[in-house]
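Single-structure report; data block below.
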Amino acid sequence: MKILVSGASGFVGRNLIKFLKNLDCEVLTISMFQKDLMSLAMQIKHLDKQLQKIESQIRDVHTFVHLAWMDTNDWNSSVHKNINKQLSEYLIRRLCSGGIEHVIVAGTCLEYGVSGGNLSEILPAKPKNEYALAKYALYKSIRMMANKDEFELSWLRLFYIFGGDQPPTTIYGSMMEQIIRGETTFNMSSGQQVRDYLHIDTVCQMILAVVMSKQGFDVVNICSGQGLTLEKHVRSWLHDISPKINLSLNLGALPDRKDEPFHLWGSSHKFNSLLN
């Protein structure tokens, strides 16, 4: 099967591609964004050039996995609405008019808003920040496209991810950086927030299952279905790396985030029932 992937240089993208190639899938990639181009018109011009380069190669692509997104660390950046959402919509419209049958897009658990507890796909989306608002607006737009142009859509609401070569802007990446530097103390928040974390390899395996199914599942959570405190997650990561690591958690050294629910985990029932 021939698959096109955007965001191939990102954390999820570069890991997913390894899994796809291990299954002997033919993987093509597209460079969607040019970070120094700050107008939508210039971004579209750049994207058109990329599409021209691979035009002959993507004629028989079955599935497009869309992971590319800028400024994911700044949830209130105007780039989400003005560039990310608009350019994603433009690209998917172009690709599906060319015959791509299955579109898989990375959404976010933040689309649920500040709703706490066990989050199921049947709950209404209540996005609050610009990142989640743009993602949900893109979902609604692509859902209408899919109904009109008759392609399959799988919208993956990704929950929290850890492991691998995650950057230091994440709690796991920051922890690994402290270990490598030989630090003995790791400053973090209270650690009492309840979160749903999956290892990057498991995330890739779940996305791979959606790819290989060749079916559209509409909205589906990519999560463990289990909520644990952040402190328990971090202690588990440390133990799995090596029980001998001497890194003391300085709980409460950093403030808890106020822009996300204190208790947040996903329901994995739909994914398990569809792809068991």
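General observations
- If only residues of the stretch 126-141 that are touching a residue at least 60 places away in the same chain (Cβ under 8 Å) and over 14 Å from the mean Cα position of the chain (by Cα) are counted, the one that is surrounded by the most Cβ atoms within 10 Å (Cβ to Cβ) is 129.
- Among (1) out of contact with any Leu (no Cβ under 7 Å at 6 or more places or on another chain); (2) surrounded by fewer than 21 Cβ atoms within 10 Å (Cβ to Cβ); (3) at pLDDT 95 or above; (4) closer than 19 Å to residue 264 by Cβ, the one test that residue 189 misses: (1)
- All conditions but one from (1) free of Cβ contacts under 8 Å to residues at least 60 places away in the same chain; (2) more than 27 Å from residue 129 (Cβ to Cβ) apply to residue 2; the one that does not is (1).
- Once the stretch 45-99 is narrowed to residues that are within 19 Å of residue 150 (Cβ to Cβ) and among the polar types (S, T, N, Q), the residue that is surrounded by the fewest Cβ atoms within 10 Å (Cβ to Cβ) is 97.
- Strands (runs of 3 or more DSSP E) contained in the stretch 155-231 and holding at least 1 residues free of Cβ contacts under 8 Å to residues at least 40 places away in the same chain: 197-199
- The condition of being at pLDDT 95 or above and in a strand (DSSP E or B) holds for residue 103.
- Only one entry of 243, 255 meets the criterion of being surrounded by fewer than 17 Cβ atoms within 10 Å (Cβ to Cβ) and modelled with pLDDT of 90 or more, and that entry is 255.
- Condition check for residue 248: within 24 Å of residue 125 (Cβ to Cβ) and either in contact (Cβ under 8 Å) with a residue 12 or more places away in the chain or in contact with a Lys or Arg (Cβ under 8 Å, 6 or more places away or on another chain) (or both): no
- Here residue 94 meets each of (1) in a helix (DSSP H, G or I); (2) at pLDDT below 95; (3) more than 12 Å from residue 30 (Cβ to Cβ) with one exception, condition (3).
The values are calculated or read from the model by the stated rules, or taken from the named source; none is laboratory data. Just so it is clear, the structure is predicted and the values come from calculations on it, not from any experiment. Don't worry about glycine lacking a Cβ; one is built from the backbone with ideal geometry, like all the others, and counts go over all protein chains shown.
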